[in-house]
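This report refers to the structure that appears directly beneath it.
The values are calculated or read from the model by the stated rules, or taken from the named source; none is laboratory data. Remember, it's a predicted structure, so these values are computed and weren't measured experimentally. As a convention, Cβ positions derive from the backbone with ideal geometry for all residues, glycine included, and neighbour counts pool all protein chains shown.
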Amino acid sequence: MKVVVTGAAGFIGSNLVAALNRAGVDEIMAVDVPDEGTGLENLSGLRVADYAPRSIFYERFAQGAFGKVEAVLHQGACSDTTANDTGYMMRNNFELSRQLLDGCLRRGTRLIYASSAAIYGASRTFTESPDSERPLNIYGQSKLRFDGYVREQLARGATAQARQVVGLRYFNVYGPREQHKARMASVAFHHFHQFQESGTVQLFGAYGGYGPGEQSRDFIHVDDVVAINLWFLDRRDISGIFNTGTGRAQPFNDVALTVVNTLLARQGQPSLPLEEAVRTGRIEYIPFPEDLHERYQCFTQADLQALRRAGCEHDFMDVQTGVAKYMGTLL
């Protein structure tokens with residue numbers, strides 16, 4: 001099986017390459033490596049058959065330059081949710097993705113691509129339908145625009161190829177190989193380093209009707225995200241757009257407390273309840289940033305009905321399990 005992974009040197013892309021290797025897939029083209037100056041360590045020790053610069057891949061793929069490709073796992077994108085350059089965001093997240101999809105449809109290549117829960121924005125419902133889609137930033141808008149284009153192709157359904165497309169709306173992903181993401185790395189990653197440096201982790205204070213640290217997200221370990229990608233890779237008869245989250249919302253307090261207690265345990269110290277962690281300064285609340293007002297999702301929770309109807313029964317890790325596992329990896 002010949003597979004292309006775009007964004008292969010990034011967080012989720014490199015975890016996908018690692019999982020494909022474990023499954024015995026070595027004929028992998030990694031896209032974006034020669035163009036990127038960061039994150040190259042993510043591919044260390046992994047097996048890929050070829051590399052293609054992001055700058056030339058999309059056009060050449062559309063021309064058939066890389067021969068028969070069974071599937072493209074498309075993770076390449078600008079994932080900075082605070083970016084304000086609309087043109088740059090649309091070029092990276094919509095125009096290149098559209099070019100890739102058109103090439104896949106012409107060549108009978110299965111496309112599994114990364115969408116985002118940022119599409120839901122201020123919504124209180126999280127089903128894969130237009131009624132729930134209310135993005136709060138340019139990043140979410142760019143992802144929604146491509147999802148809309150995919151829907152158009154699926155609605156036409158004129159060819160078997162048009163039914164070979166799967167979009168996965170990732171919720172809040174955390175886990176190994178995200179160290180290059182800087183501000184965009186997960187809260188668990190930042191909490192680990194805060195605790196190692198100062199013995200304290202920081203959370204946003206009260207905002208949006210939620211108490212300190214009580215804003216809640218659907219946090220998903222990257223291993224679960226990878227498992228869902230590979231599940232769809234094995235099922236060419238399924239197409240559509242699917243949420244990729246755990247189906248449970250947990251407060252940021254849960255993430256912080258799991259980080260604190262996991263690292264305390266490594267020091268031979270007892271676990272703390274939340275109130276004690278706050279009282280002793282292990283968890284500290286800071287004012288909510290002005291630049292995130294009206295642009296911040298205070299609550300997300302994946303509706304998994306469509307995923308379950310497709311036949312996927314994957315058992316997702318909760319925060320306590322997944323974050324503790326991640327802390328072990330970081331240590």
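Would you pick out the residues in region 202-218 that are of a type outside the set (A, V, I, L, M) and in a strand (DSSP E or B)?
Correct list: GLN202, PHE204, TYR207, TYR210, SER216, ARG217.
Cβ separations smaller than 6 Å between residues 6+ apart or across chains give the following pairs from region 113-128 residues that are under 18 Å from TYR174 (Cα atoms) to residues that are among the acidic types (Asp, Glu) and outside any loop (DSSP other than H, G, I, E, B): SER115/ASP147. Pairing residues of region 61-75 that are surrounded by fewer than 18 Cβ atoms within 10 Å (Cβ to Cβ) with residues that are among the basic types (Lys, Arg) and part of a loop (DSSP other than H, G, I, E, B), at Cβ distances under 8 Å and at least 6 apart in sequence or on separate chains, gives GLY67/LYS2; LYS68/LYS2; GLU70/LYS2.
The single condition among (1) more than 26 Å from ALA19 (Cβ to Cβ); (2) among the small types (Gly, Ala, Ser); (3) under 24 Å from the mean Cα position of the chain (by Cα); (4) surrounded by fewer than 19 Cβ atoms within 10 Å (Cβ to Cβ) that GLY213 does not meet is (4).
Considering each residue of region 48-86, count those that are assigned to a helix (DSSP H, G or I) and over 26 Å from SER186 (Cα atoms), and give that number. I'd like the intermediate steps shown before the answer.
Quick first cut of region 48-86, residues assigned to a helix (DSSP H, G or I) only: 54-62, 86.
With over 26 Å from SER186 (Cα atoms) added as a condition, the list becomes 55-62.
Looking only at that region, the number is 8.
When GLY108 is tested against (1) at negative phi; (2) in contact with a helix residue (DSSP H, G or I) (Cβ under 7 Å, 6 or more places away or on another chain), exactly one condition is not met: (1). Applying the criterion of being under 19 Å from LEU100 (Cα atoms) and more than 20 Å from the chain's Cα centre (by Cα) to the residues of region 2-33, the residue that is surrounded by the most Cβ atoms within 10 Å (Cβ to Cβ) is ILE28. Of the residues screened, PHE66 is one that is of a type outside the set (D, E, K, R) and more than 22 Å from the chain's Cα centre (by Cα). Among all positions in region 150-158, there is at least one residue which is surrounded by fewer than 16 Cβ atoms within 10 Å (Cβ to Cβ) and not in a helix (DSSP H, G or I). On the stretch given as region 42-58, residues that are farther than 21 Å from VAL25 by Cα and loosely packed, with under 13 Cβ neighbours inside 10 Å total 1. In the set LEU292, LEU272, LEU257, LEU264, only one residue is modelled with pLDDT under 95 and surrounded by 13 or more Cβ atoms within 10 Å (Cβ to Cβ); that residue is LEU292. Annotation: ILE119 fulfils all but one of (1) more than 18 Å from the chain's Cα centre (by Cα); (2) surrounded by 18 or more Cβ atoms within 10 Å (Cβ to Cβ); the unmet one is (1). SER142 meets all of the listed conditions (1) part of a strand (DSSP E or B); (2) crowded, with 20+ Cβ neighbours inside 10 Å; (3) polar (S, T, N, Q) but one, namely (1).
None of VAL3, VAL48, VAL69 is in contact with a Ser or Thr (Cβ under 6 Å, 6 or more places away or on another chain) and either charged (D, E, K, R) or modelled with pLDDT of 95 or more (or both) except VAL69.
Can you tell which of ASN243, ASN229, ASN261 is among the polar types (S, T, N, Q) and within 30 Å of GLU284 (Cβ to Cβ)? Let's see the steps before the verdict.
Working: ASN243 fails: within 30 Å of GLU284 (Cβ to Cβ); ASN229 fails: within 30 Å of GLU284 (Cβ to Cβ).
Only one candidate passes the filter, namely ASN261.
Of the helices (runs of 4 or more DSSP H) lying entirely inside region 219-331, those carrying at least 2 residues that are free of Cβ contacts under 8 Å to residues at least 60 places away in the same chain, among the charged types (D, E, K, R) and closer than 17 Å to LEU203 by Cα are 274-279.
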